[in-house]
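Chemist: Please see the structure below; I have some questions.
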Amino acid sequence: MNLQKHLNKITSKINITKEDANRLYLLSKEYDLPSEVLYGIYLIEITYRPTYYRIGEYIVVVFRLILSVLFKVPIKNYTIGKCQIGLGTIISYYGYTNANVYSKEIYNVTLEQAIIIIKCFMWDYNSRVFAWRLRVLFVHYNTNDFRSLVRNIGHAYNGKLVYGLVLEKLIETYLNRTAFNNLTVY
């Protein structure tokens, strides 16, 4: 899929709830992040991971967490929630050291960690970990060139160069220019 097709898919139905928009705005202030970056990643993620898909994800993750806690079976570092936060990122955010952002699998998941992960199915928890992760990336890639910063953050966030390019173009073309005037807030 080329860059323009990604942009067309994302912008064809830009819908965001008032609650989500406000939450992202407040997090951008709290974590000192450009709000366009939070909105951009949010829009990309909800476009490519609609609610019905996330529900299936949650079922798989709960099942795998049960196996991991009870039988010490390693769990894949799945991504969950509206912002597709990795389980390793969630565990790291809460101060545990048995996993990190780049772990392929997570070993020795405790019941406490499993509960924290399940809480991150909810937007309030997921969005906070999301903003923290972006802040870490923002500090790491900080540069005076905003376009380069956005591209690098997008690439690091998702692991694919095209993601960074789509994020850069989305912010440049739609989010900065319109200041979200075209967003459907419901």
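Values quoted throughout were computed directly from the atomic coordinates according to the rules given, and no laboratory measurement underlies them. Given the structure is predicted, the values throughout are model-derived calculations rather than measurements. We place every Cβ from the backbone using ideal geometry, glycine too, and count neighbours over all the protein chains shown.
Chemist: Which of THR79, THR97, THR173 has the fewest other C-beta atoms within 10 Å, and how do the rest follow up to the most? Don't skip to the end; give the middle numbers.
Modeler: Values: THR79 19, THR97 7, THR173 12.
By the 10 Å Cβ count, ascending: THR97, THR173, THR79.
Chemist: Here is a further query. Beyond a 29 Å Cα-Cα separation, which of these cross-linked pairs lie in this structure: LYS72/LYS160; LYS18/LYS104; LYS9/LYS160; LYS76/LYS160?
Modeler: The answer is LYS72/LYS160; LYS18/LYS104.
Chemist: Checking understanding here: applying a Kyte-Doolittle mean of at least 0.0 and a length along the axis of at least 15 Å (C-alpha), which whole DSSP H helices in the chain pass?
Modeler: 35-48, 51-71
Chemist: Report the trypsin sites (Lys or Arg not before Pro) located in region 1-52 that are in a DSSP loop and have at most 16 other Cβ atoms inside 10 Å of their Cβ, or state none. Walk me through the numbers on the way to the answer.
Modeler: Numbers: sites: LYS5, LYS9, LYS13, LYS18, ARG23, LYS29; in loops: LYS13.
Here the sparse-neighbourhood loop sites are LYS13.
Chemist: Now a separate question. Based solely on its DSSP helices, what 222 nm [θ] is calculated for the chain when runs of n ≥ 4 H residues each add -39,500 (n - 2.57) and the sum is averaged over all residues, nearest 500 deg cm²/dmol?
Modeler: About -19500 deg cm²/dmol.
Chemist: Based on the Cβ-Cβ distance from ALA21 to TYR53, what FRET efficiency comes out when R0 is 22 Å, to the nearest 0.05?
Modeler: 0.50
Chemist: For region 136-154 and region 57-128, write down the distance between their C-alpha centroids in whole Å.
Modeler: 26
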